[in-house]
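Written out below as structure tokens is the structure these notes cover.
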Amino acid sequence: MKKHNFSAGPCILPQTVFKEASEAILNFNNSGLSILEISHRSKDFVSVMDEAQKLSLELLGLEGKGYKALFLQGGASTQFIMTAYNLLQNKAAYLNTGTWSTKAIKEAKLFGEIDEVASSADKNFNYIPKGYSIPSDADYFHCTSNNTIFGTQMKEFPNSPIPLVCDMSSDIFSRKLDFSKFDLIYAGAQKNMGPAGTTLVIVKESILGKVQRQIPSMLDYQVHIKKDSMFNTPSVYAVYVSMLTLRWLKKLGGIEAIEKINNKKAETIYNEIDRNPLFKGYAEKEDRSIMNATFTLTEPKLEDLFNDLWKAAGINGLNGHRSVGGYRASMYNALPLESVEILVTVMKELETQA
Ligand code: PMP
């Protein structure tokens, strides 16, 4: 039986993508070769890379606006380093909204002074700080749009007087935003875009080349731009599956269409969390993520029963992160509404059996 996969990442991808991706392992583009055995410089793969880059910019509405799309390696964690390496000359401003922001700050401190403009650490990151100001003498402002572990999401982004850098690993391509507000966006593929192994970086070229230090080639955005993400062997298969997922999203109607479905899924689960006295949401209501819903049981003694019920319903990946506990329902783009409805049925069932 196919599971209802609420895993936080790597996570569910569209079923049609799984099918096409598996076919390409045996016979890619009817070439008689597997996608796994061809050169990254072959015509067929170069066109996959081009299409993946083009679709990324197109879906975000950033074509022809001075941005480049790169498919790099090393995960979003390497972007914590690369952003600072390429952009931080003296000082950078960071908003601390969780584990991943904290890690980004730690890496950036190796390169210069960090001004933590606000933090929600005082309440174990269950909200998004507001009302902070961004120093105009910093080199850039960094934020995390969606906090995968805590289930909070930025609903508004500041009008930053300095370049705006955003880690969108867990909500890229999920909702409409004015993406031209951002100067650099990065996202590990393994949530809304594809399998683990590649990281999308969208960068406005005009912000680069301003730091004095020498940058090692593999960590230099300008090198990767010049080589069109082929400075070294890219993650061929991860880029291919990402391209298929982006094609799927475009066919569905793009971000506008998926946002409606994502909102419906989020509304379905949060309504039940708020209605059912056995559950309590973790994040502040106004900051709730439409990608990751975090919640706990109000009666801990029901844990075994609830776990048995959701597992019996074919649900996978519902346990919360160890730093929050409880449960986390990750509802990325490819998760069908039907899976959320099944989870809600199980939550109601707990109420009946408790
Ligand atoms: N940022 C966010 C928001 C994440 O959710 C994650 C991983 N879940 C990371 C960064 C780290 O990504 P990676 O494992 O690709 O380095």
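Key figures for this structure:
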read-out: Projected label distance in nm at Ser42 and Ala121, using a 7 Å step from Cα toward the beta-carbon; value: 4.9 nm
read-out: Rg and Dmax [Cα atoms of the stretch 254-353; Å; Rg one decimal, Dmax integer]; value: 13.0, 43
read-out: The chain, relative contact order [Cα under 8 Å, separation at least 6], %; value: 23 percent
read-out: Extension gain, Glu303 back to Glu23 (0.36 nm per residue minus Cα-Cα distance, nm); value: 96.7 nm
read-out: Shape parameters for the stretch 162-208, alpha-carbon atoms, Rg then Dmax in Å; value: 10.9, 33
read-out: Relative exposure of His40, His224, His142, judged by other C-beta atoms within 10 Å (fewest first); value: His40, His224, His142
read-out: Overall form of the chain per C-alpha gyration tensor (a/c, 1.5; a/b vs b/c); value: oblate
read-out: FRET efficiency, Lys264 to Asp228 (Cβ-Cβ, R0 35 Å, nearest 0.05); value: 0.40
read-out: Per DSSP, loop trypsin sites (Lys or Arg not before Pro) in the stretch 1-44 with at most 12 further Cβ within 10 Å; value: Lys2, Arg41
read-out: Two-decimal ratio, the stretch 1-58, of alpha-carbon radius of gyration to 2.2 N^0.38 Å; value: 1.38
read-out: For the chain, calculated [θ]222 nm from helices alone, where every DSSP H run of n ≥ 4 adds -39500 (n - 2.57); value: -11500 deg cm²/dmol
read-out: Whole-angstrom gap from the stretch 162-195 to the stretch 199-258, using each part's C-alpha centre; value: 11 Å
read-out: For the stretch 1-140, diffusion coefficient by Stokes-Einstein and Kirkwood Rh (Cα), 25 °C, 0.890 mPa s, µm²/s; value: 129 µm²/s
read-out: Backbone N under 20 Å from the Leu219 label point (7 Å along Cα→Cβ), restricted to the stretch 52-89; value: 70-89
read-out: Cα→Cβ-extended label distance, 7 Å offset, between Glu284 and Gln89, nm; value: 3.5 nm
read-out: Cα→Cβ-extended label distance, 7 Å offset, between Lys106 and Lys210, nm; value: 2.8 nm
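Taken together, the values in this text are just the output of simple stated rules run on the coordinates, not laboratory data. Everything numeric here is computed off the predicted structure, so don't read it as measured data. Cβ sites come from the backbone with ideal geometry, for glycine too, and all protein chains shown count toward neighbours.
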